[in-house]
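Report on one structure; see the data block that follows.
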Number of protein chains: 2
Amino acid sequence: MTDGDPAVIGRRGSYAKGVARRQEILDRAIEVFQERGADGTSLRRIAETIGVSHAALLHYFDSREQLLVAVYEHAEAKRHSDSPRSDPGAVEGMVEAATQNVKVPGLVELYTTLVASSLESGSEHGRAFFTERFERVRGDVADRLREEQAEGKVRTDVDPDQIAAIIVAASDGLQIQWLLDPSIELERTLGALATLLRP
Amino acid sequence: MTDGDPAVIGRRGSYAKGVARRQEILDRAIEVFQERGADGTSLRRIAETIGVSHAALLHYFDSREQLLVAVYEHAEAKRHSDSPRSDPGAVEGMVEAATQNVKVPGLVELYTTLVASSLESGSEHGRAFFTERFERVRGDVADRLREEQAEGKVRTDVDPDQIAAIIVAASDGLQIQWLLDPSIELERTLGALATLLRP
DNA sequence: GTCTATACGAAGATAGAC
DNA sequence: GTCTATCTTCGTATAGAC
């Protein structure tokens, strides 16, 4: 996120109570999504669970999609601050994140749903968010790969940027495959990718 | 699909005209999705474009999701019969499929949308379809990997089943990343994955 | 068997009162 | 800043004409 002001994501609530209320709504909404994923989560049901009208939600978020994106963003940020940032290798970091994700199927479901809808034509906000996110995550992974290449931990006959894209894609895709069929062993399969990268 | 009768996918239309009409609907629907993806595609809009009532569609397909799955299945089968089945290496086959897909963004969008909704709780049909599909595709790729390992074309220090899952995941994920940001160079990036697999 | 007509409830979004 | 009321569209279900 390039903009420093968190409230700028919605349309209003830029001051005092508005910001607090917004955070409160997001906190409550996260719980809803963690247990329900993205299916039983209409604006009206979320509003009902939280205890406001659905129109009130739309006061803080321009559309259902913006609310969903904000919820995902908020949940992701919260997890990053909860886990003490171990900062391991490029693949190891992805493995760690993926195994964490898979414990909260609702979030993976939400993520997948949002990525899918961001591909559709009407989704300016979602498209921008995920385009930026993919770029940032790929960049981070590529940077770490370069470090590891310099340290002799990763083979140097492949382009770090391309490998980074593959790692991110494989991680996303495997989480989906795992949700549909847990027999694929997410961690060990991502481990095989790490084997491929060793010099 | 384990059942040999194609008409069994819907609920009726098992005979003569019904089958033909069903195919006709699918052919027309494919065009709709190829240009619109999955967003402007409500049951009613599809019906309107095809020239039937939305209730008529539900005569051939139990639900909107079943129609969408059938459309995707039909489009995929059609493409397989159109391209003369080159049957190359494991990764090469995925590269070929992915580069074909990316020429029809609507289908990738449809695929992603369906996979996402198959994760949700209400989706029995979609979930079964994609679980089977992933299993079949992974199995095919793994078989080819084993052949290539025997031929000395692929390194043998990795499990073919795990690599197959990674190839499928990476292919799916990269198509999405490419749609959001074409600068990642889909073919060359998947080529890097091929490099990793060489002995 | 095939399809039209119609109805129902839920959804996202908007307008305007308070 | 938040609500009620309302609009439109959606998926789905049913009745019954042909």
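Laboratory data are not the source of any read-out in this text; all were calculated from the coordinates shown. Owing to the predicted nature of the structure, the values given are computational and were not obtained by experimental measurement. Note that we place each Cβ from the backbone using ideal geometry, even for glycine, and neighbour counts take in every protein chain shown.
Principal axis extents of the Cα atoms in segment B:61-166, from largest to smallest and rounded to whole angstrom, are 48, 30, 18.
At the listed q of 0.10 Å⁻¹, the Debye profile of segment B:105-199, built from one uniform point per Cα, gives log10 I(q)/I(0) equal to -0.33.
The count of lysine pairs in the protein assembly as shown whose Cα atoms are under 26 Å apart, excluding pairs fewer than 8 places apart on the same chain, comes to 5. Computing FRET efficiency as 1/(1 + (r/R0)^6) for B:Asp143 and B:Arg45, where r is the C-beta to C-beta distance and R0 is 30 Å, gives about 0.15.
Extending 7 Å from Cα along the Cβ direction at A:Glu132 and again at A:Val52 yields two label points whose distance is 2.2 nm.
Of B:Arg188, A:Arg144, B:Arg21, A:Arg36, the sequence from fewest to most neighbouring Cβ atoms within 10 angstrom is B:Arg188, B:Arg21, A:Arg36, A:Arg144. When the Cα atoms of segment A:27-118 are aligned to their principal axes, the ranges along those axes come out at 45, 25, 21 Å in descending order. Only Cα sites of segment A:66-107 enter the Debye sum here, all with the same form factor; the resulting log10 I(q)/I(0) across q = 0.17, 0.34 1/Å is -0.51, -1.17, listed in q order.
For chain A, the relative contact order works out to 21 percent when only alpha carbon pairs closer than 8 Å and six or more residues apart are counted.
Scattering from chain B was approximated by placing one identical point on each alpha carbon and applying the Debye formula without solvent; log10 I(q)/I(0) at 0.14, 0.16 1/Å stands at -0.88, -1.08. In chain B, the calculated helix contribution to ellipticity at 222 nm averages -23500 deg cm²/dmol per residue, counting -39,500 (n - 2.57) for every DSSP H run with n ≥ 4. Among A:Leu43, B:Leu26, sorting on how many other beta-carbon atoms sit within 10 Å of each Cβ, with the fewest leading, yields A:Leu43, B:Leu26. According to the Kirkwood relation over distinct C-alpha pairs, the hydrodynamic radius of the protein assembly as shown is 22.5 Å. Scaling against 2.2 N^0.38 Å puts the C-alpha radius of gyration of segment B:159-199 at 1.21. Remark: mean inter-chain Cβ contacts per residue of B:65-75 equal 0, using a 10 Å Cβ-Cβ cutoff to other protein chain atoms. Using a 7 Å projection from Cα along Cα-to-Cβ, the label point at A:Ala55 is separated from the same position in the remaining copies by 3.4 nm, smallest value first.
Comment: the Cα-to-Cβ extended label point of A:Lys153, at 7 Å, lies 3.4 nm from its counterparts in the other copies, nearest first.
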